[in-house]
1. Which cross-chain or sequence-distant (5 or more) residues have an amide H under 5 Å from the amide H of Ala218, H modelled 1.01 Å from N in plane?
2. Distances over 38 Å make up what percent of all Cα-Cα pairs in the chain?
3. Could you state the number of Å between the C-alpha centres of segment 317-396 and segment 131-204?
4. Suppose all protein chains stay in the model; what accessible area per residue would a 1.4 Å probe give for the chain, in Å²?
5. Straight-line reach from Lys239: which lysines fall under 30 Å, measuring Cα to Cα and dropping same-chain residues less than 8 apart?
6. All other residues with a Cβ under 9 Å from the Cβ of Pro343 taken together, and with Lys, Arg as +1 and Asp, Glu as -1, what is their net charge?
7. Output ³J(HN,Hα) for segment 189-204: one whole-Hz value per residue in order, computed from phi by the Karplus curve 6.51 cos²θ - 1.76 cosθ + 1.60 with θ = phi - 60°, and x for Gly and Pro.
8. Whole-Hz Karplus ³J(HN,Hα) for segment 396-408, in order, using 6.51 cos²θ - 1.76 cosθ + 1.60 and θ = phi - 60°, x for Gly and Pro?
Amino acid sequence: MTLFTPLTLPNGTQIPNRLAKAAMEENMADANHAPSDALLRLYDAWARGGVGLILTGNVMIDAQAMTGPNGVVLQDDAQLDRFRRWADTARSQGAQIWMQLNHPGRQMQSALGQPTVAPSAVALDLGALSKRFAVPREMTPDDIADVQSRFVRSAELAERSGFTGVQIHAAHGYLLSQFLSPLTNKRQDAWGGSLENRARLLLDIVRAVRKAVSPGFAVAVKLNSADFQRGGFSAEDAKRVVELLNPLGVDLVELSGGSYEAPAMQGQARDGRTLAREAYFLEFAREITTAARMPLMVTGGIRRQAVAEQVVNDGVAMVGIATALSIDPTLPARWRDGKHSEPNLRPITWKNKALGSLANMAVVKFQLNRLSAGRATKPDVSPLKALILQQLATACQTRRYRRWMSRSAAQ
């Protein structure tokens, strides 16, 4: 088996090769929070670059629950033509295109002016940056039922739009990950306490989505291999959740890790654990492959062909690549043609890890914005410059989002 061997999923469909464009938060919506022309140009670059699977960045299931002010929202059929263009663009060279569906829970900035909900009223601990996030309101059973129905509705709309699958985001400290973690889920009802209870919402969403879409439409899950916080969601927990997902018709589980508080997905861990420079989560994946009956995918810092080959040789079905594809979208085609390429960004060694995480995301978005404009990337851009530009853009986008929400409420 090589990186360019096709993968047949449990639902019978086939991914052309073992390389996936993993999700990055592009925040490139148009004025109606549908896919913009810039976003379509970006996905055209990835489609032409040779990946077998393209996973979108966050698509929000609720306009009131945003990971960022300029995110794409799919909660009704008002803008389906734009989503069809997105799917057609991404599929144009034969790749599968899966929509990542998400709800931020407590990881939504208070500047957006929307109510924040979570499994429990546990605030984010980001030091001086904590004030950017409101203390969430604990969700009621009706809130939980509403979230489940929204995931299902968005999945149905994704299929109608021409996407070939969805990925349910239960990692990186977002809402479903918050339910899974004992640090953020302090409930004493059917959704709290035991791991089986904490996993209940994720499992119910997967069941309902699988029932609502066609058999050939892929249903995937993104799961933390660990939270990398003491007392949080552990590798043993992840293995057990995969076992609970086994009978539910899941086509692939992507393993990542971390959250806003412990950004292990960027190679940093609050609990002091040293992470490898590439394939951060491969060690955890090796353990979980013994329990998984569906294909697994590992994402986290992979930029070299030799490391990608090690992943598949260790029994992991798919290799997720994110940052490297923000620098060079043609990387898979280069590897296929025998050309060695190792895209890398300037390292960020700031002492403030939360600020460093924001800078890292800003540097990646800087590359995405250049690609979406048809310009060459600049991997050596100053992290400080990228962060300042991103903060200015976010401030403008936040004002636009709040005006959009006010107009929507008035209609």
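1. So Ala218 has HN proximity to Gly165, Val166.
2. Result for the distance tail: 11 percent.
3. Result: 29 Å between the Cα centres.
4. 39 Å²
5. Hits, sequence-local ones excluded: Lys21, Lys186, Lys211, Lys222, Lys353.
6. -1
7. Values, residue by residue: 10, 5, 10, x, x, 5, 4, 4, 5, 5, 8, 4, 5, 4, 5, 5 Hz.
8. Each residue of segment 396-408 in turn: 5, 5, 5, 4, 5, 4, 5, 5, 4, 5, 5, 5, 5 Hz.
The values are calculated or read from the model by the stated rules, or taken from the named source; none is laboratory data. Predicted model only: the values in this text are computed from it and were never measured. Cβ sites come from the backbone with ideal geometry, for glycine too, and all protein chains shown count toward neighbours. What goes into the accessible areas is simple: the full protein's heavy atoms, side chains included, and nothing from ligands, DNA or RNA. Shrake-Rupley method; radii C 1.70, N 1.55, O 1.52, S 1.80 Å.
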